[in-house]
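No lab work stands behind these numbers, since they all come straight from the coordinates. Predicted, not measured: the structure shown is a model, and the values here were computed from it. Virtual Cβ from ideal backbone geometry, glycine too; neighbours counted across all protein chains shown.
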Amino acid sequence: MERIVFHIDFDYFYAQCEEVRKPELKTKPVCVCVFSDRGGDSGAIATANYTARKYGVKSGIPISFAKKRLEQRNDAVFLPVDFEYYSEMTKKAMKIMKKNADIFEYVGRDEAYLDITKRVEGNFEKAIHLAQQIKNEIRVEVKLSCSIGVSPNKLISKIASNYQKPDGLTVVEPNRIEQFLKPLNIRVIPGIGKKTEQRFMEMNLETIKDLKKIDVFTLNKEFGRKNGTYMYNAIRGINNEPVKEKEESIQYSKIITLKKDSKDYKFLLENLQELCKQVHDVIKKNNKMFKSIGIHFVQSDLTNKSKSRMLRNSTNNLEELQKNAEQLLLDALDSQTMTIRRLGVRVADLTETKGQSDITNYF
Ligand code: DGT
Ligand code: CA
């Protein structure tokens, strides 16, 4: 039986959540902002509703730019992010998706894959009906709109969910894959970013149809075997990755804006150790142990970078957290060219602290 996979993505997620609790915002340009601790309008736009996007506001641009672009709109609204509230909304929406899936894979706060092959018996008609039903239920219960891509695999469904937004439903049946992909820009392929696009541009290749002229050996030579082969298959709509059962993973993190942009090891380490302490306090308070540790940079140009590692055993030990975070910092700085603006620490893969089950509890 041919698989049928949904990719579901919520429209202008943070901004839409804000509209849900304040419906009067719906007619106004709404920008959700990550204000930095440096005060004033320092910080970046997390996302904006479609009215604000018409004026060129988008994720990642400085708040001051967004204000300038919306100067003519005196009804524009700038709100700080409220992650806790968005998480609540995510939970409600994911519950609806989960009960409608054979296999449910959580990807991020506003994104999930559903394998629904069995429940619709591999029938696309039934799949479309189910997609509409899910959209309706989420609209009624959570008041959110989403866009759904329906196809035989994760890759095409991901591209399809983004094809018509907001409130889209894009269905790509197996015999339509080639036609669907042909005119699209190569950037729609997940993993093809600005740099890769640039390299193809130099070769005069812009659409997926253009890219198909390149054989797999050339791609492998240019991009390495793994990436080359992935791209070769992706532009032909081939992707066998299974939808893997995964729920929202709880994690604890803390991120700060540094007093100054820097890539000085000593300065960053001091901040990092303090962040570790704060994350550790929360971990202790919640009786948790962690197995995965990560650090996160927001660089001066507002791009993100992160590194993480998995421990052999779960722990709740502060020194171990600090030691590993320090190692990650060293690794990251090794190839760091840009200065760092914000620094964060994250622990994940959490388990409950069970009495004295783990040796690290003693120390
Ligand atoms: P969409 O899906 O195009 O209608 O719009 P969004 O806002 O849902 O965009 P998406 O799916 O790329 O991202 C989901 C959420 O993640 C979004 O509501 C806010 C957050 N986000 C996205 N990009 C950035 C960013 O550059 N910085 C920060 N802080 N948050 C971001
Ligand atoms: Ca989204």
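Some observations on this one:
- Based on alpha carbons, the Rg and Dmax found for region 14-61 are 11.0, 31 Å.
- Entries in K135/K307; K135/K226; K266/K305; K98/K323; K143/K195; K260/K323 that, when Cα-Cα distance is taken, lie over 27 Å: K135/K307; K135/K226; K98/K323; K143/K195
- What separates the Cα centres of region 238-263 and region 57-114 is a distance of 15 Å.
- For the chain, the relative contact order comes to 15 percent (Cα pairs under 8 Å, sequence separation of at least 6).
- Computed label-point distance, nm, for sites N136 and L302 using a 7 Å Cα→Cβ extension: 4.1 nm
- Kirkwood Rh in Å, taken over all unlike Cα pairs in the chain: 22.9 Å
- Neighbourhood charge, 10 Å Cβ-Cβ cut-off, centred on F78 and excluding it, Lys, Arg +1 and Asp, Glu -1: 0
- For region 30-185, the pair-distance distribution built from all alpha carbon pairs, in bins 5 Å wide starting at 0, is 2, 8, 15, 17, 16, 14, 12, 9, 5, 2, 1, 0 percent.
- Positive-end extreme of charge dipole, the chain - chosen from I189, M310, P152 (charges on Cβ): I189
- Rel. contact order, % - alpha carbon contacts under 8 angstrom, at least six apart, region 14-82: 35 percent
- Ranked list, fewest to most other Cβ atoms within 10 Å of each Cβ, for E197, E24: E24, E197
- For the chain, a Gaussian network of Cα nodes joined below 10 Å ranks H296, H280, H129 by mean-square fluctuation, and the top entry is H129.
- Computed from the C-beta positions of N287 and E125 and an R0 of 56 Å, the FRET efficiency is 0.70 to the nearest 0.05.
- Computed from label points 7 Å out along Cα-Cβ, the spacing between N240 and A348 is 2.7 nm.
- The value of relative contact order for region 252-352, using C-alpha pairs under 8 Å at least six residues apart, is 47 percent.
- Global geometry of region 182-234, whether rounded, prolate or oblate, following the gyration tensor of its Cα atoms and the 1.5 cut on a/c: rounded
- Once both labels are positioned 7 Å from their Cα atoms along Cα-to-Cβ, the gap between Y50 and M310 label points is 4.1 nm.
- Cβ-based net charge around T339, under 14 Å, with every Lys or Arg adding one and every Asp or Glu removing one: +3
- Label-zone membership for region 289-304, site K263, 7 angstrom Cα→C-beta point, backbone N under 20 Å: 295-304
- Other residues whose C-beta falls under 11 angstrom from the C-beta of Y265 contribute a net charge of -2, scoring Lys and Arg +1 and Asp and Glu -1.
- Intensity falloff of region 129-244 expressed as log10 I(q)/I(0), Debye formula with alpha-carbon point scatterers, at q = 0.10, 0.14, 0.22 Å⁻¹: -0.35, -0.63, -1.22
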